[in-house]
Amino acid sequence: MTTMPLPVISATTAGILLILQMLLMLRTALTRRVSGPSLGEGHDATLLRRSRRHGNLAENAAIFIAGFTLLELLGERPLWLEGACAVFLVARLLHIIGLSRENTANIFRVLGVILTFAIGVSVGVRLVLLGWPHLTL
């Protein structure tokens, strides 16, 4: 009987993302408390940027963690997976930095989007390549 490996790379990445998500959530909540609107952003540009940093990470993190975990369970090479997780973390940090600036059209945000897109396509392709042989058609 073979035992399935534990998805420790994905779990570690998920832990880092979860801590980051909570920090962004806290920062947004504290800004809401000071600026007033409990829902939406009102006309507060700082609150809008903080809310989008929090929301954008939430929009991306879950699907990537699912993909990373599935790759790990399918036997993806640890070095490739560690690299993919690292690129995703760097991409999200760059995006957060970009959305933290008053002028949100900046190189940090652009690089964050490009790296997220690139690693997303790479993870998707790897999932298909590793999963396809296991299909019974």
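State which residue pairs qualify: first residue touching a residue at least 24 places away in the same chain (Cβ under 8 Å) and farther than 15 Å from Pro7 by Cα and inside segment 78-90, second residue buried (at least 16 other Cβ atoms within 10 Å of the Cβ) and β-branched (Val, Ile, Thr) in any location, beta carbons under 6 Å apart, and separation of 6 or more residues or different chains.
Note: pairs meeting the criteria are Val87/Ile119; Phe88/Ile119.
Within segment 98-110, count every residue that is in a helix (DSSP H, G or I) and either under 14 Å from the mean Cα position of the chain (by Cα) or polar (S, T, N, Q) (or both).
Of the residues in segment 98-110, 2 are in a helix (DSSP H, G or I) and either under 14 Å from the mean Cα position of the chain (by Cα) or polar (S, T, N, Q) (or both).
Quick one: would you say Leu47 is more than 11 Å from the chain's Cα centre (by Cα) and surrounded by 18 or more Cβ atoms within 10 Å (Cβ to Cβ)? Reasoning before the result, please.
Values: more than 11 Å from the chain's Cα centre (by Cα): yes; surrounded by 18 or more Cβ atoms within 10 Å (Cβ to Cβ): yes.
Spelling it out, Leu47 is indeed more than 11 Å from the chain's Cα centre (by Cα) and surrounded by 18 or more Cβ atoms within 10 Å (Cβ to Cβ).
Within segment 91-117, track down each residue that is free of Cβ contacts under 8 Å to residues at least 12 places away in the same chain and of a type in the set (S, T, N, Q).
If the condition is that a residue be free of Cβ contacts under 8 Å to residues at least 12 places away in the same chain and of a type in the set (S, T, N, Q), then Asn103, Asn106 are the ones that fit.
Could you give every pair whose Cβ atoms fall below 8 Å, whose first residue belongs to segment 10-36 and is within 28 Å of Pro78 (Cα to Cα), and whose second residue is surrounded by 18 or more Cβ atoms within 10 Å (Cβ to Cβ) and not hydrophobic (A, V, I, L, M, F, W, C), counting only separations of at least 6 or pairs across chains?
Listed pairs, sorted by first residue: Ser10/Glu72; Leu17/Arg92; Leu20/Arg92; Gln21/His54.
Restricting attention to segment 6-27, does a residue exist that is buried (at least 20 other Cβ atoms within 10 Å of the Cβ), modelled with pLDDT under 95 and among the hydroxyl-bearing types (Ser, Thr, Tyr)?
no
Specify which of the listed residues (Leu71, Leu48) is modelled with pLDDT under 90 and not hydroxyl-bearing (Ser, Thr, Tyr).
Numbers: Leu71 fails: modelled with pLDDT under 90.
Selected residue: Leu48, the only one of Leu71, Leu48 that is modelled with pLDDT under 90 and not hydroxyl-bearing (Ser, Thr, Tyr).
Could you tell me which of the residues Val90, Val34 is farther than 22 Å from Gly131 by Cα, exposed (fewer than 12 other Cβ atoms within 10 Å of the Cβ) and of a type outside the set (Gly, Ala, Ser)? Quick ask: steps written out before the conclusion?
Numbers: Val90 fails: exposed (fewer than 12 other Cβ atoms within 10 Å of the Cβ).
Answer to the selection: Val34.
Among the residues that make up segment 57-65, is at least one of them among the small types (Gly, Ala, Ser), in a helix (DSSP H, G or I) and either touching a Lys or Arg at 6+ places or on another chain (Cβ under 8 Å) or touching a residue at least 12 places away in the same chain (Cβ under 8 Å) (or both)? Before the answer, list the steps.
The initial filter retains those residues of segment 57-65 that are among the small types (Gly, Ala, Ser), namely 58, 61-62.
Still in the list and also in a helix (DSSP H, G or I): 58, 61-62.
Applying the additional criterion that residues be either touching a Lys or Arg at 6+ places or on another chain (Cβ under 8 Å) or touching a residue at least 12 places away in the same chain (Cβ under 8 Å) (or both) yields 58, 61.
Checking segment 57-65: at least one residue is among the small types (Gly, Ala, Ser), in a helix (DSSP H, G or I) and either touching a Lys or Arg at 6+ places or on another chain (Cβ under 8 Å) or touching a residue at least 12 places away in the same chain (Cβ under 8 Å) (or both).
Search segment 118-133 for residues being loosely packed, with under 15 Cβ neighbours inside 10 Å and either in contact (Cβ under 8 Å) with a residue 40 or more places away in the chain or hydrophobic (A, V, I, L, M, F, W, C) (or both), and hand back the single one that is nearest to Ala66 (Cα to Cα). Don't jump to the end; show me each part of the working.
At the first step, the residues of segment 118-133 found to be loosely packed, with under 15 Cβ neighbours inside 10 Å are 118, 121, 124-125, 128-129, 131-133.
Subsequent filtering for residues that are either in contact (Cβ under 8 Å) with a residue 40 or more places away in the chain or hydrophobic (A, V, I, L, M, F, W, C) (or both) retains 118, 121, 124-125, 128-129, 131-132.
Working: Ala118: 17, Val121: 14, Gly124: 11, Val125: 14, Val128: 14, Leu129: 16, Gly131: 14, Trp132: 17 Å.
Only one residue fits best here, namely Gly124.
Step by step: first the residues of segment 76-125, then only those that are at pLDDT below 95 and of a type in the set (A, V, I, L, M, F, W, C), then the one that is nearest to Arg52 (Cα to Cα). Which residue is that?
Among those that are at pLDDT below 95 and of a type in the set (A, V, I, L, M, F, W, C), it is Leu99.
The values are calculated or read from the model by the stated rules, or taken from the named source; none is laboratory data. Keep in mind that this is a model prediction, so the values were computed, not measured. Because the Cβ atoms are built from the backbone with ideal geometry, glycine has one as well, and the counts that use them run over all protein chains shown.
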